[in-house]
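K.L.:
My structure is below; once you've seen it, I'll send some questions.
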Amino acid sequence: MTIIASNLGFPRMGENRELKKLVEAYWAGKVTDTELAEGIKVIRADHWNLQKNQGISHIPSNDFSLYDHVLDHIHLFGAIPARYQAVVESEVTENTAFRGWKTYFAMGRGYQTSKAASEASSATADTAFGLAASVSQKIDVGSMEMKKWFDTNYHYIVPEFTATQTFSLTNSGYSQPKPVQEFLEAKANGIETRPVILGPISFLLLGKSADSAHPYTSRFDALVHLEALLPVYTSLLTQLAQAGAQWIQIDEPILCLDLEYQGSLDTIKAAYTKAFTTIRAAIPSVNILLATYFGEIRSNIQAIINLPINAIHIDAVRTSETELSNIVNQISTTTLSLSIGVIDGRNIWKSNLKNKLAIIKNVVEKLGSSRVLVAPSCSLLHSPHSLNKEVAKVRPEVLDWLAFSVEKLQEVSFLTKAANSNTLVEPITFADAELQVYYAQNQESQAKRAVSPLIHNPAVKSRIESVTPDMFKRINPFPARRVAQRTRLTTLPALFPTTTIGSFPQTREVRLARSNFNAGKLSAADYDKFIREQIVNCVKIQEECGLDVLVHGEFERNDMVEYFGENLEGYVFTANGWVQSYGSRCVKPPIIFGDVSRPKPMTLEYTTYAQSLTTKPMKGMLTGPVTILQWSFVRDDIPRSTTCNQIALAIRDEVVDLEKAGIACIQIDEPAIREGLPMRASDWDAYLKWSVDSFLLSSTGVRDDTQIHSHMCYSDFNDIFTAIQRMDTDVLTIENSKSDLKLLKAFEKYGYTNEIGPGLYDIHSPRIPTIEDMKYRVEQMLKDLAKELIWVNPDCGLKTRGWSETIAALKNMVQVSVQLRSTF
Ligand code: GLN
Ligand code: ZN
């Protein structure tokens, strides 16, 4: 046997985001069930063929998903929360061939029968839920909670379990269970695939208790459901084996978390042993690859090393050399194979193949080539599709340094061929001329990148060196600032001031104007005029809704990071470098390739224009340095913290410019601070130190009476509370509507002193929140927070919503504030 070129997962969207377009058209009622089913078959077949053509032998299936792979498993395992029962029942009357999809999307996006499908035309297709609602019964149900997938920018749907949770294998909208259907579909196309299943332990530990009477007190509590869950795995895996699967990939990414710190390595080990002995008994002759990724396994290796499985995948990019050799040593005493994830699935840089060959060489020497697989570090879900469309957009010097998913698979395939021809040591020469050229080009582009003058800016370097400690703090503490701010902001009500998070509907019209402008079909002057009209309209609507602190609406921004990247030096933009964020939503992270600086003000004009239209305070709207860093592809030749401070200085200059122009409230969004947390607790302090410092560097250059807002898209603060307090924002708006209200307890428990706006409604869903719902939430908050500190606002920006639902929601929201004020 030889070394196997393998892949763990491929991006789902398609080269031109075909999946996004298809699914959104389906939601808008423009594509039928059958058309959607046919459409995704084409996408899947394309991707399988593409991987095969790159020379990959272990090609994944069931890595595809219509919305999210964790949601796929929730649905597949029949773990549908009771509140979706009405949707489940309403499906009975509809197209039976695809029964299940409506419930599936309802869990992902929420569902409201009274929702008018006609609103689809007013904004993105997201606004409508275009499935035929032929039921007379009114259904109104929100979406399930969404969380960041480990430390990526991908979001998964959080499984919910009740104390008496049962599971059953379902077809979930397919003719047979989805993994089986996909396997057979590939097989019919002549491609043997390796089905990917989220492992039982990760599936459970990623979930939460939906039972307030039985909350989880430890992260391991969900393991009580293992007994009930395993039969579902065994019947699924048995079906896959019967369908002819030779290898099955079972993903257990939680093995890269700090399981041992909870003192529970034995618990986890027992759970893995139970799960995999049961699985093995069901499929005695299928090869099982247990995949871990996103970090080091460290001592968790003990929980899996003796399992009855055939191979373990490790993320060799994020595993240190010593750790790697530890693992290899331990594996060498077993019969396991090792899948080495040497190609970074999380970035866009071409690998240095020489270094990768050296890693492979060490492993092969120890294990022998029959026990080695070569792979990307993790699923390529987190990397864009291919460089095909980039020639026209990315400058050639930089393009030469890049590799997206398809190119990464080429690297995997090259490394495998090299290893199989035993060409692992210098001088590296290949009999195959094509391989020789490929390798020589790779080495040449590494060398060029290392010394490129495009990357180094002496002015930026010296500014970083001249930063002083007082640049990390405000002049006075919050209580003094609050007095100064309330004196300046005379139009603010004393209690429950209302605001929004920044963006307003990015309608088709807005997106069309931007794309016409980018394509040169609309002049800069006309585009500018158009944006100003949008701002006028947005300000007028906010005044009509009765909001207190207004925003300009972010119509000029495609994306909160891309916009800043476009205005900063040191960035490049791709034409097509899309990565899935959640559901059909994709982001196109800019690439930081060199030192970052701000050539000129970035937001001043539209903010001051918006302010000129109203006597209410206009909030300046910026993205914070950590978020810009976190949502960009970052260079790998200097520490992340250095790049972050470079960005912070650019934002600081913008903040000061806004203040000089008379702007009294400035919001610096940092939705990504939490997601940047390292996966291991032992690495947290160092990260929180530099990241919060960077935020402070960006935000503290102002006077006391300038109110600094920040926004974060999560509400889980318990473990990072000190860091949040240290950010010392005057007003912090947070996501809260989808989370358990008790999460705010952290603010009470630790005595949070500054103002705070916990989001009152979920902007990811098209449903319109009622006054009662939102008022109830504020009343609950009042149990934990002083009324003087509370702001009234939505969960996040409104860009994905339509206008009519936005106006209706905001009017209700302002009413909440008005009604509450009258009671105090
Ligand atoms: N200001 C941004 C907006 O409103 C914030 C988005 C975010 O936090 N993700 O869209
Ligand atoms: Zn947000």
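The values are calculated or read from the model by the stated rules, or taken from the named source; none is laboratory data. This structure is a prediction, so every number in the text was calculated from the model and none was measured. Note that each Cβ is placed from the backbone with ideal geometry, even for glycine, and that neighbours are counted across all protein chains shown.
Yes/no matrix, rows are residues, columns are (1) of a type outside the set (S, T, N, Q); (2) more than 25 Å from A418 (Cβ to Cβ); (3) in a loop (DSSP other than H, G, I, E, B); (4) touching a residue at least 60 places away in the same chain (Cβ under 8 Å):
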residue: T2; (1), (2), (3), (4): no, no, yes, yes
residue: K20; (1), (2), (3), (4): yes, yes, no, yes
residue: G39; (1), (2), (3), (4): yes, yes, no, no
residue: I43; (1), (2), (3), (4): yes, yes, no, no
residue: W48; (1), (2), (3), (4): yes, no, no, yes
residue: Y67; (1), (2), (3), (4): yes, yes, yes, yes
residue: V70; (1), (2), (3), (4): yes, yes, no, yes
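K.L.:
Identify the single condition in (1) surrounded by fewer than 21 Cβ atoms within 10 Å (Cβ to Cβ); (2) farther than 26 Å from T800 by Cβ that D773 does not satisfy, given that it satisfies every other one.
P.N.:
(2)
K.L.:
Looking only at the stretch 656-696, how many residues end up being more than 16 Å from ligand 2 (Cβ to nearest atom) and surrounded by fewer than 23 Cβ atoms within 10 Å (Cβ to Cβ)?
P.N.:
24
K.L.:
Using the structure shown, decide if T823 is within 16 Å of ligand 2 (Cβ to nearest atom) and of a type in the set (V, I, T).
P.N.:
no
K.L.:
Is there a residue being over 25 Å from L629 (Cα atoms) and touching a Pro at 6+ places or on another chain (Cβ under 7 Å) anywhere in the stretch 742-752?
P.N.:
Scanning the stretch 742-752, I find at least one residue that is over 25 Å from L629 (Cα atoms) and touching a Pro at 6+ places or on another chain (Cβ under 7 Å), so the answer is yes.
K.L.:
Let me ask something else about it. Is it the case that some residue within the stretch 446-455 is outside any helix (DSSP H, G or I) and over 34 Å from the mean Cα position of the chain (by Cα)?
P.N.:
For the stretch 446-455, residues outside any helix (DSSP H, G or I) and over 34 Å from the mean Cα position of the chain (by Cα): absent.
K.L.:
Shifting gears a bit: Being crowded, with 23+ Cβ neighbours inside 10 Å and away from ligand 2 (no atom under 15 Å from the Cβ) is the requirement here; does P794 meet it?
P.N.:
Here the answer is no, as P794 does not meet what is asked.
K.L.:
Just to be sure, is R598 in contact (Cβ under 8 Å) with a residue 12 or more places away in the chain, within 30 Å of E390 (Cβ to Cβ), out of contact with any strand residue (DSSP E or B) (no Cβ under 6 Å at 6 or more places or on another chain) and away from ligand 1 (no atom under 16 Å from the Cβ)?
P.N.:
yes
K.L.:
Quick one: which residue in L810, L744 is within 25 Å of M679 (Cα to Cα) and in a helix (DSSP H, G or I)?
P.N.:
On inspection, the qualifying residue turns out to be L744.
K.L.:
Let me ask you something else. Being assigned to a helix (DSSP H, G or I) and within 30 Å of L492 (Cα to Cα), is that true of even one residue in the stretch 682-692?
P.N.:
Yes, because at least one residue in the stretch 682-692 is assigned to a helix (DSSP H, G or I) and within 30 Å of L492 (Cα to Cα).
K.L.:
I'd like to check something: does the stretch 420-431 contain any residue that is surrounded by 15 or more Cβ atoms within 10 Å (Cβ to Cβ) and among the charged types (D, E, K, R)?
P.N.:
Within the stretch 420-431 (the criterion being surrounded by 15 or more Cβ atoms within 10 Å (Cβ to Cβ) and among the charged types (D, E, K, R)), the answer is no, since none of the residues qualifies.
K.L.:
Moving to a separate point now. Out of all the residues in the stretch 190-206, is one or more polar (S, T, N, Q) and farther than 17 Å from R44 by Cβ?
P.N.:
The answer is yes; a qualifying residue exists.
K.L.:
Could you list, in sequence order, the residues of the stretch 766-782 that are of a type in the set (K, R) and either under 15 Å from L732 (Cα atoms) or within 16 Å of ligand 1 (Cβ to nearest atom) (or both)?
P.N.:
Listed by number, the list is empty, since nothing qualifies.
K.L.:
Return the residues of the stretch 704-726 that are crowded, with 22+ Cβ neighbours inside 10 Å, away from ligand 2 (no atom under 14 Å from the Cβ) and farther than 15 Å from W684 by Cβ; say none if nothing qualifies.
P.N.:
Those that are crowded, with 22+ Cβ neighbours inside 10 Å, away from ligand 2 (no atom under 14 Å from the Cβ) and farther than 15 Å from W684 by Cβ: T706, Q707, I708.
K.L.:
Among the residues of the stretch 401-413, which ones are of a type outside the set (K, R) and over 17 Å from N362 (Cα atoms)?
P.N.:
W401, L402, A403, F404, S405, V406, E407, L409, Q410, E411, S413
K.L.:
With the condition kept exactly as written, say whether any residue in the stretch 572-582 is of a type in the set (A, V, I, L, M), over 30 Å from Y104 (Cβ atoms) and not in a helix (DSSP H, G or I).
P.N.:
Yes, the stretch 572-582 contains at least one residue that is of a type in the set (A, V, I, L, M), over 30 Å from Y104 (Cβ atoms) and not in a helix (DSSP H, G or I).
K.L.:
Of the residues L649, L622, which single one is more than 30 Å from K20 (Cα to Cα), touching a helix residue (DSSP H, G or I) at 6+ places or on another chain (Cβ under 9 Å) and either surrounded by fewer than 20 Cβ atoms within 10 Å (Cβ to Cβ) or of a type outside the set (D, E) (or both)?
P.N.:
L649
K.L.:
I734: among the aliphatic types (A, V, I, L, M), within 16 Å of ligand 2 (Cβ to nearest atom) and in contact with a Pro (Cβ under 6 Å, 6 or more places away or on another chain), yes or no?
P.N.:
yes
K.L.:
If I filter the stretch 610-617 for residues that are small (G, A, S), more than 16 Å from I455 (Cα to Cα), crowded, with 22+ Cβ neighbours inside 10 Å and within 16 Å of ligand 1 (Cβ to nearest atom), do I get at least one hit?
P.N.:
Yes, the stretch 610-617 has at least one match.
K.L.:
Mind checking which residues of the stretch 143-184 are in a loop (DSSP other than H, G, I, E, B), over 22 Å from S737 (Cβ atoms) and among the hydrophobic types (A, V, I, L, M, F, W, C)?
P.N.:
Those that are in a loop (DSSP other than H, G, I, E, B), over 22 Å from S737 (Cβ atoms) and among the hydrophobic types (A, V, I, L, M, F, W, C): F150, A163, F167, L169.
K.L.:
Go through L785, L760 for me and flag whichever is over 26 Å from the mean Cα position of the chain (by Cα), free of Cβ contacts under 8 Å to residues at least 60 places away in the same chain and either part of a loop (DSSP other than H, G, I, E, B) or within 16 Å of ligand 1 (Cβ to nearest atom) (or both).
P.N.:
Among L785, L760, only L785 is over 26 Å from the mean Cα position of the chain (by Cα), free of Cβ contacts under 8 Å to residues at least 60 places away in the same chain and either part of a loop (DSSP other than H, G, I, E, B) or within 16 Å of ligand 1 (Cβ to nearest atom) (or both).
K.L.:
Within the stretch 707-753, which residues are more than 18 Å from R474 (Cβ to Cβ), among the charged types (D, E, K, R) and either at pLDDT 85 or above or more than 16 Å from ligand 1 (Cβ to nearest atom) (or both)?
P.N.:
Scanning the stretch 707-753 gives D719, E735, D740, K742, K745, E748, K749.
K.L.:
Follow-up question, since we're still on this one. Consider R474 carefully, then state whether it is surrounded by 16 or more Cβ atoms within 10 Å (Cβ to Cβ), among the basic types (K, R) and either within 16 Å of ligand 2 (Cβ to nearest atom) or over 30 Å from K775 (Cα atoms) (or both).
P.N.:
Answer is yes for this residue.
K.L.:
Name every residue in the stretch 220-236 that is closer than 30 Å to V286 by Cβ and not hydrophobic (A, V, I, L, M, F, W, C), in order of residue number.
P.N.:
H225, E227, P231, Y233, T234, S235
K.L.:
While we're on this one: Can you name every one of the helices (runs of 4 or more DSSP H) wholly within the stretch 306-414 that holds 3 or more residues which are in contact with a Ser or Thr (Cβ under 6 Å, 6 or more places away or on another chain)?
P.N.:
The helices (runs of 4 or more DSSP H) meeting that bar number zero.
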